[in-house]
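Input: a single structure, listed below in structure tokens.
The values are calculated or read from the model by the stated rules, or taken from the named source; none is laboratory data. Just so it is clear, the model here is predicted, and its values are computed rather than measured. Glycine also receives a Cβ, built like all others from the backbone with ideal geometry; neighbour counts cover every protein chain displayed. Please note that ligands, DNA and RNA were not included when accessible areas were found on the heavy atoms of the full protein model with its side chains. Shrake-Rupley method; radii C 1.70, N 1.55, O 1.52, S 1.80 Å.
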Amino acid sequence: MRTRSRSTGWILLGLIGIAMIAAACAARGGRRAPSAAEARAFVQSANAQLYELSVKAARAEWVKANFITQDTEAIAAEASENYVTASVALAKRAARFDGVALDASTRRQLELLKRAITMPAPEDRALARELTQIATRMDSHYGTARYCPGAAQGDDCLDIIEIREIHEKSRDPDALLDVWQGWRTTSAAIRDDYRRFVELANQGARELGYADTGALWRSNYDMPPAAFAEEMDRLWQQVLPLYEALHCYVRSRLSAFYGPDVVPLDAPIPAHLLGNMWAQQWGNIFDLVAPADADPGYDLTSLLARAGYDELHMVRSGENFFSSLGFAPLPDTFWERSLFVKPRDREVVCHASAWDVDEVDDLRIKMCIEVGAEDFQTIHHELGHNYYQRAYNRQPFVFRGSANDGFHEAIGDAIALSVTPAYLVKLGLLEREPPASQDIGLLLRAALDKVAFLPFGLLVDQWRWGVFSGEISPKDYNAGWWALREKIQGIRPPVPRPETLFDAGAKYHVPGNTPYSRYFLAHILQFQFHRALCALAGYAGPLNRCTIYGSAAAGRKLNEMLEMGLSQPWPVALQALTGSREIDASAILDYFAPLKTWLDAQNQGRRCGW
Ligand code: X8Z
Ligand code: ZN
């Protein structure tokens, strides 16, 4: 099938190309301009080639991430090398068709071939190999990292899941400091790898005509790279007053709990006290900051435990939500091949991820689930990826992606916004909905995750853009990281951070080389999606009480957007679901408006800011 349509392309070229060839020879000193038919044939063969290499790389990567050994690492690195070198070569060849008049779909596929590359490998094969080996090694290093407190060894050392749990549950500042520092001893070892990684990726990006890898990443949003950076900043300015109000309130509650010596009222908040290893989502300290008179009166973690939910049951429940919207059930292979529980007998990358290994219907998730509210949310997040992947699986390969990468991250989160008290009552987890008077508690709990995340979502790539451009040099990796954490997030390290350490590398997406602006966008977009889906479901009340569970109308419209994949510029996809072509923060601001009023009242007389 593929061969036949490709040869059709070449025959067409023979018939129509002759006059154009003559004209182009004169204009370009002998090198004739390629034809539209050649462009279409090139795109078709690029899709086929990338598809094949991508499936091979995904299989090797899946095995490695589920069974980390030197051998699986070497196999994965090689498959990744084959994929990235092919995509870089195709990106260069795609540029040959610049200026050729083409139908919109072929033009867009060519543009995507040129820009949708996260790890640009240099043309020199030895350097490409070095790059992919470093990338694979950093990822495995993260997956196998352990902190061994004191003289601990072997099983007494703490892995990321155990450290995460201490951050969630402990209220002892010394114990928290110990694991906070401990986790950050593990990333020091990849500091030099990362420096070299940046050098090599930048060489690859320059060979593709970009100033550096950050510029390449920023070029992936259907607008000029500089306009994208401005867009991020515009959105941040929209939500900043809400974040500042939350920061001010949380700092004063933490100061009351831990004392002003540990949490001074006029300085950034120490990073180890916010219930999360990276202080990126603060929902786990809700009990410390909850308003006495507006406690929602339930805690999802306890509800799940009380109802006897296990890992599988949690995933089934996520699937059931999507089914209620009209999506087909997940394939049997999803249940056979996914990883839900951290294995005891081998090393895996526990950071949650969603896969479509054959790019068609081989959907899987891989996560070390802990029964509780946080992972209930993450399961919906991951399944959002899977349903998106399946929805666009009939598109040509280069269109099998989300409208922009923020869309992919926002779908499951938008669905999880529908995990409201009313929905929990439907599931039989909760007896009755808390009254409207407890809304401030519900909103505060949501804000601790969603609003607190925003500056973190912004700064990870601000740091990487600086690193890739050279503005943050290797000798300042840690200083640059903490300057941004302090400036944007209002967080400070609890102990000094010398340049022998590599604190950015303690966050998965840095060694994993996953761009992070997508999560910032997703935290804005998911509220836009939620607002639009609620309207489609015929809901008119406060957004935080809306669940679209069971709404076929919302599901249909959502699916229409998902099916488009990457085939249209993202404003077109956004418009299809929300009616708007702009990403804008008004939905998240609407959602939290009553909380903002309440926070401002609470903060009266306090000195906010840092
Ligand atoms: O990495 C993830 C997902 C997989 S795409 C679990 N997230 C970011 C993170 O954990 O840092 C989701 C929220 C932000
Ligand atoms: Zn995700």
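Rounded to the nearest 10 degrees, the angle from helix 439-469 to the longest Cα principal axis of the chain is 40 degrees.
Relative to the Cα centre, the charge distribution of the chain, modelled as +1 at Lys and Arg Cβ and -1 at Asp and Glu Cβ, gives a dipole magnitude of about 1940 debye. Just the Cα atoms of the stretch 27-173, one point each, no solvent: what log10 I(q)/I(0) does Debye give at q = 0.12 Å⁻¹? Log-scaled intensity ratios, in q order: -0.67. Between the C-alpha center of the stretch 421-440 and that of the stretch 252-277 there is a gap of 31 Å. Inter-part distance, the stretch 49-104 to the stretch 118-184, computed on C-alpha centroids, equals 26 Å.
Rounded to the nearest angstrom and listed largest first, the equivalent-ellipsoid semi-axes of the stretch 55-137 from its Cα gyration tensor are 30, 14, 8. Relative contact order of the chain: 17 percent, from C-alpha pairs under 8 Å at least 6 residues apart in sequence.
With +1 on each Lys and Arg Cβ and -1 on each Asp and Glu Cβ, and nothing else charged, work out how big the dipole of the stretch 239-345 is about its Cα centre, in Debye to the nearest 20. Walk me through the intermediate numbers first.
Working: 7 positive and 13 negative charges, 26 e Å.
The calculated dipole for the stretch 239-345 is roughly 120 debye.
The residues of the chain present an accessible area of 39 Å² per residue when probed at 1.4 Å with all protein chains retained. Cut-off 20 Å, label point 7 angstrom out along Cα-to-Cβ of ALA267: give me the residues of the stretch 159-180 whose amide nitrogen falls inside. Under 20 Å, as judged by backbone N against the label point of ALA267, lie 172-180 of the stretch 159-180. For the chain, the share of DSSP beta bridges that are antiparallel, to the nearest 5, is 60%. Ranked by the mean number of other Cβ atoms within 10 Å of their residues, highest first, the peptides 99-108, 130-139, 547-556 fall in the order 130-139, 547-556, 99-108.
Carbon-plus-sulfur fraction of the accessible area of the chain, 1.4 Å probe, in percent? Write down the numbers at each step before the final one.
Values: 12550 of 23920 Å².
Here carbon and sulfur together make up 52 percent of the probe-accessible area.
Calculated [222 nm] ellipticity per residue, helices only, for the chain: -19500 deg cm²/dmol; basis is -39500 (n - 2.57) per DSSP H run with n ≥ 4, divided by all residues, nearest 500.
How do the peptides 375-386, 573-584 rank, highest first, by the average count of neighbouring beta carbon atoms within 10 Å per residue? Let's see the in-between values first.
Details: 375-386: 23.7, 573-584: 17.8.
The peptides rank, most packed first, as 375-386, 573-584.
For the stretch 370-472, the ratio of Cα radius of gyration to the globular rule of thumb 2.2 N^0.38 Å stands at 1.40.
With N set to the residue count of the stretch 164-306, report its C-alpha Rg divided by 2.2 N^0.38 Å to two decimal places.
Values: Rg = 20.5 Å, N = 143, 2.2 N^0.38 = 14.5 Å.
Here the answer is 1.42, to two decimals.
Over the stretch 355-395, the reciprocal of the mean inverse Cα-Cα separation, the Kirkwood hydrodynamic radius, stands at 10.9 Å.
The mean of 1/r over all pairs of different alpha-carbon atoms in the chain, once inverted, gives a Kirkwood hydrodynamic radius of 25.5 Å.
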